[in-house]
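Nothing in this text is a laboratory measurement; each read-out follows from the coordinates by a stated rule. In this text the structure is predicted, and so the values were computed from the model without any measurement. Here the Cβ is made from the backbone with ideal geometry for all residues, glycine too, and neighbour counts use every protein chain on show.
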Amino acid sequence: MPSSRPTSVVTGGAGFLGSHLTDRLLAEGHRVIGIDNFLTGNVANIEHLAGNENYKFIKHDVSNYIFLPDDVDYIFHFASPASPIDYLEHPIPTLKVGSLGTHNALGLAKAKKATFLLASTSECYGDPLVHPQREDYWGNVNPIGPRGVYDEAKRFAEAMTMAYHRFHQVDTKIVRIFNTYGPRMRLRDGRVVPAFIGQALRGEPLTIFGDGSQTRSFCYCSDLIDGIFKLSQSDFHEPVNIGNPREMTIKQFAEEIIRITGAKSEIDFRPLPVDDPKVRQPDITRAKNVLHWEPRVDFDEGIRKTIDYFRTRLD
Ligand code: NAD
Ligand code: UDP
């Protein structure tokens with residue numbers, strides 16, 4: 001690979017967000033080294049990069065020691081199961097990649113004198129008692145509930161990241177990502193966006209968990225990646241929320257999907273999963289002030305692009 005460009009490592013590089021981030025970094029003139037063990041990722045997300053002289057892929061589980069001879073300028077640590085179905089199916093790999101994987105990625109950043117960016121999550125706020133969520137809220141997480149494997153792994157990852165910043169002076173950043181959607185999500189990853197779109201396109205009932213009064217705020221992937229790239233170029237070390245503050249109930253979301261797809265689907269109410277957060281909405285004041293970032297893609301536009309993608313993936 002040519003070496004005059006900055007080099008970025010993306011762990012979880014074959015996943016939904018890792019692959020979009022890779023495309024953005026390549027467009028910004030970086031060389032990119034993707035690392036992924038395909039636990040929840042998909043080779044289809046990166047096959048368009050085959051033959052790109054600025055891209056290299058390494059199949060590796062980052063919970064094990066990462067050996068990399070290359071010089072590295074940035075490490076984006078995105079490896080982790082992210083959908084509730086995935087992390088409930090892989091609880092121990094989720095805990096390991098958030099803890100051991102983050103430790104290994106930070107160790108690599110320290111050895112290479114690279115900037116480190118952690119993909120953290122709004123799940124750090126748990127079932128929040130403060131609404132909307134600001135970065136100075138410490139959260140309401142059940143450590144021993146089924147979701148604890150993800151939430152606590154990410155909270156540990158944030159603590160480890162700040163320790164490497166304070167104790168080893170590593171240049172670190174932390175993004176708390178709120179529900180993000182778009183092409184390259186797995187149709188059956190269980191998250192509400194692919195679940196409802198898949199059900200609507202197949203003419204099946206939409207499965208609402210609980211009474212559908214719980215809220216989420218959905219951000220289109222290109223907006224999120226833009227915020228993350230800006231954060232990587234900043235000198236800000238505290239966590240930054242990146243998400244779209246447009247909040248809706250899951251019932252409203254189901255109705256929007258039925259409207260936009262024109263489906264005849266009905267609603268099938270199912271039990272609410274344990275510890276499912278009742279509300280979620282990012283306060284993005286910090287991102288606006290520090291990064292001069294705010295989302296630009298409107299809900300209808302983002303959802304239509306996502307529906308078009310899923311139409312091509314229906315089985
Ligand atoms: P994803 O499942 O599509 O991508 C995660 C990738 O990490 C997959 O390719 C998977 O194979 C890989 N991976 C998992 N464990 C690994 C390991 N031990 N070693 C190497 N690779 C490993 O999920 P995503 O939505 O792209 O999420 C990416 C990151 O963003 C995750 O860290 C997630 O916690 C975070 N995040 C995502 C959202 C969202 O709405 N999409 C919200 C909050 C946080
Ligand atoms: N949800 C739902 N039906 C589904 C999948 C999810 O009603 O088929 C609900 C889920 O209980 C949660 C919200 O949609 O309240 C968002 O779920 P998702 O798994 O996308 O992510 P979360 O925000 O919970 O991490």
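Which three extents, in whole angstrom, do the alpha-carbon atoms of segment 1-117 cover along their principal axes, largest first?
Computed over segment 1-117, the largest-to-smallest principal extents equal 42, 31, 19 Å.
In degrees between 0 and 90, to the nearest 10, how far off the longest principal axis of the chain does helix 299-311 point, with axes built from Cα atoms?
Once rounded, the angle reads 90 degrees.
If you fit an axis through the alpha-carbon atoms of helix 221-232 and take the longest principal axis of the Cα set of the chain, what angle between them do you get, 0 to 90°, nearest 10?
Between the helix axis and the principal axis of the chain, the angle is about 30 degrees.
If I fit a long axis through the Cα atoms of helix 250-261 and take the longest principal axis of the Cα atoms of the chain, what angle between them do I get, 0 to 90°, rounded to 10?
Once rounded, one gets 80 degrees.
Under the rule of -39500 (n - 2.57) per DSSP H run of 4 or more residues, summed and divided by the residues of the chain, what mean residue ellipticity at 222 nm is obtained, to the nearest 500 deg cm²/dmol?
Value at 222 nm, helices only: -10000 deg cm²/dmol.
Using alpha-carbon positions, what is the distance between the centroids of segment 128-147 and segment 16-52, in Å?
31 Å
Could you give me the ³J(HN,Hα) list for segment 75-85, computed from phi with Karplus coefficients 6.51, -1.76, 1.60 and θ = phi - 60°, whole Hz, x at Gly and Pro?
With the stated coefficients, segment 75-85 comes to 10, 9, 9, 10, 5, 3, x, 10, 8, x, 4 Hz.
With labels modelled as points extended 7 Å from the Cα through the Cβ direction, what inter-label distance (nm, one decimal) is found for Asp71 paired with Phe38?
3.3 nm
List, in order, the whole-Hz ³J(HN,Hα) value for each residue of segment 41-56 obtained from phi through the Karplus relation with A = 6.51, B = -1.76, C = 1.60 and θ = phi - 60°; use x for Gly and Pro.
Karplus-based 3J(HN,Hα) across segment 41-56 equals x, 8, 4, 4, 5, 10, 5, 5, 8, 4, x, 6, 5, 9, 10, 9 Hz.
For each of Phe196, Phe76, Phe236, count neighbouring Cβ atoms within 10 Å of the residue's Cβ, then give the residues from fewest to most.
So the ranking, lowest neighbour count to highest, is Phe236, Phe196, Phe76.
Determine, for each peptide in 158-167, 305-314, 172-181, the mean count of other beta carbons within 10 angstrom over its residues, then list the peptides with the highest first.
The densest-packed peptide leads the list: 172-181, 158-167, 305-314.
So for the pair Ser4, Ile260, with labels modelled 7 Å out along Cα→Cβ, what separation do we get in nm?
Between Ser4 and Ile260, the label points sit 4.3 nm apart.
Treating the beta-carbon of each Lys and Arg as +1 and of each Asp and Glu as -1, no other charges, what is the dipole magnitude of segment 248-315 about its Cα centre, to the nearest 20 debye?
Charge dipole of segment 248-315: 120 debye, to the nearest 20.
Fewest to most neighbouring Cβ within 10 Å: what's the order for Ser234, Ser8, Ser99?
By the 10 Å Cβ count, ascending, the order reads Ser234, Ser99, Ser8.
So which of Lys113/Lys173; Lys230/Lys278; Lys112/Lys173; Lys230/Lys288; Lys96/Lys154 end up more than 20 Å apart by C-alpha?
Those over the limit are Lys230/Lys278.
Please find, in a Gaussian network model of the chain (springs between Cα atoms separated by less than 10 Å), the residue of Val290, Val170, Val149 whose mean-square fluctuation is greatest.
Val290
Between Gly190 and residues 5 or more places away or on another chain, which pairs have amide H atoms under 5 Å apart, with H built 1.01 Å from N, and which residues are they?
Ala195
Work out the FRET efficiency for Glu247 and Ile144 from their Cβ-Cβ distance, taking R0 = 41 Å, and round it to the nearest 0.05.
Efficiency, rounded to the nearest 0.05: 0.90.
Explain nothing, just the number: dipole magnitude of segment 170-315 about its Cα centre with +1 on each Lys and Arg Cβ and -1 on each Asp and Glu Cβ, in debye rounded to the nearest 20.
Value, rounded to 20: 260 debye.
Seen from all sides and averaged, what is the projected area of the convex hull of the Cα atoms in the chain, in nm²?
About 15.0 nm², averaged over all directions.
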